[in-house]
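First the structure, in the form of structure tokens, and then the observations on it.
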Amino acid sequence: MQKHSRIHVAGHRGLVGSALVRCLETEGYDNLLLHTSSELDLRDQQAVEAFYAAERPEYVILAAARVGGIHANNTYPADFIRDNLQIALNVIDAAYRHGAKKLLFLGSSCIYPKMAPQPIREEYLLDGALEPTNEWYAIAKIAGLKMCQAYRRQYGFDAISAMPTNLYGPNDNYNLQNSHVLPALIRKFHLARLAAIGDMTGLQQDELVYGPISEDILHMLAVRRYGDTLLSESGRKTSVMLWGSGTPCREFLYVDDLARACLFLLQEYSDEMALNVGVGEDVTIGELAGIIQAIVGFDGDVVWDAGKPDGTPRKLLDVGRIHALGWKARTGLEEGVRLAYKDYLSRL
């Protein structure tokens with residue numbers, strides 16, 4: 001891949017896509033094809049066909065997807081499976097037919113069976129039932145991965161796939177209706193800290209930037225809404241309520257590390273097996289909450305709602321294959337959370 005190669009980063013404004021752009025530009029790649037979803041709807045087959053026919057990118061990184069946490073997956077299953085299937089089908093096929101030299105498809109660790117042996121090896125794919133709370137997204141991602149394998153086998157198209165673990169970092173989604181666990185925890189603890197010190201102006205600014213604060217969250221924070229104004233409820237202590245038991249284990253990868261892994265794989269890897277990308281270490285959600293609570297600076301109570309779903313009990317990727325190729329993550333969890341929270345604050 002040359003510095004002037006035409007590279008289409010699909011989904012460049014998202015968490016992963018923006019990290020890819022940072023990484024590629026830092027490394028001197030200066031011919032990036034970047035279009036917003038309003039400029040190029042990847043679900044629209046005709047629009048994608050026209051784009052690839054005109055631009056003919058040499059390399060494609062497919063990071064675009066409809067994503068969300070447990071709540072979003074449960075609430076919008078049709079949207080998740082339809083949109084992600086359409087994106088994968090349209091981009092992979094158009095990239096092949098219009099002469100792309102290589103394509104990298106980004107899957108997700110959620111495509112593995114719910115009860116897969118730990119740590120999860122690449123060959124465990126399709127070896128058991130999926131986690132029900134995100135099976136719609138997972139099935140679409142599995143289809144994209146298999147499409148890459150099929151196009152490689154039948155047409156010789158150099159399509160590769162990577163399966164990153166849970167991601168976080170700059171430009172994450174902090175909307176509490178559809179965010180993932182780590183950014184949701186950052187925002188909840190930040191809101192709780194503001195409420196605890198009585199900074200209602202700060203709460204209102206946060207709502208403007210990161211989306212609505214629901215009434216149940218305001219109640220947890222001991223705050224009431226009066227028209228357009230937020231007021232603290234005198235005498236009530238701020239607390240943070242978190243979903244589940246706090247016992248499930250998760251692995252978290254700083255998104256800029258994933259971007260470096262993607263560039264590494266584009267340069268060094270060509271095979272049909274989708275490779276895991278992670279750090280090889282996990283923490284409980286309770287431990288993660290403690291790390292974020294300390295970094296944000298909230299010293300109030302944490303209450304666990306055991307009536308809410310935990311999801312998969314444990315999800316740790318075996319990263320032996322990508323380590324053997326020469327890539328490893330650089331950013332530790334505490335360092336990464338500090339960087340993510342710094343980015344969060346910079347947007348307020």
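Quick note: the coordinates plus some simple rules give every number you see, no bench work behind them. What you see is a predicted model, and the numbers here were worked out from it, not measured in a lab. Neighbour counts run over all protein chains shown; Cβ positions are idealised from the backbone, glycine included.
Here are the numbers for the structure shown:
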| item | result |
| --- | --- |
| Restraint check, LYS146/LYS315; LYS102/LYS141; LYS102/LYS315; LYS308/LYS328; LYS3/LYS141; LYS102/LYS146, Cα-Cα greater than 24 Å | LYS102/LYS315; LYS308/LYS328; LYS3/LYS141 |
| FRET efficiency for HIS4 and LYS308, using Cβ-Cβ distance with R0 set to 45 Å, rounded to 0.05 | 0.35 |
| Rounded if a/c under 1.5, otherwise prolate or oblate - region 280-348, Cα gyration tensor axes | oblate |
| Förster radius 22 Å - calculated FRET efficiency between ARG338 and GLU207, Cβ distance, rounded to 0.05 | 0.40 |
| Burial ranking of peptide ranges 179-185, 265-271 (average Cβ count within 10 Å, highest at the top) | 179-185, 265-271 |
| Global form of region 1-71, assessed from the alpha-carbon gyration tensor, a/c cut-off 1.5 | oblate |
| LEU325-ASP199 FRET efficiency (beta carbon distance; Förster radius 51 Å; 0.05 resolution) | 0.60 |
| Gain in span if fully extended, HIS98 to ALA150, counting 0.36 nm per residue against the direct Cα distance | 17.0 nm |
| Computed label-point distance, nm, for sites THR229 and THR75 using a 7 Å Cα→Cβ extension | 2.9 |
| Size of the chain as Cα extents on the principal axes (Å, biggest first) | 68, 42, 37 |
| Virtual paramagnetic centre 7 Å along Cα→Cβ of SER245, amide N under 16 Å, in region 97-141 | 115 |
| Distance (nanometres) between label positions extended 7 Å along Cα→Cβ at ARG82 and GLN177 | 1.8 |
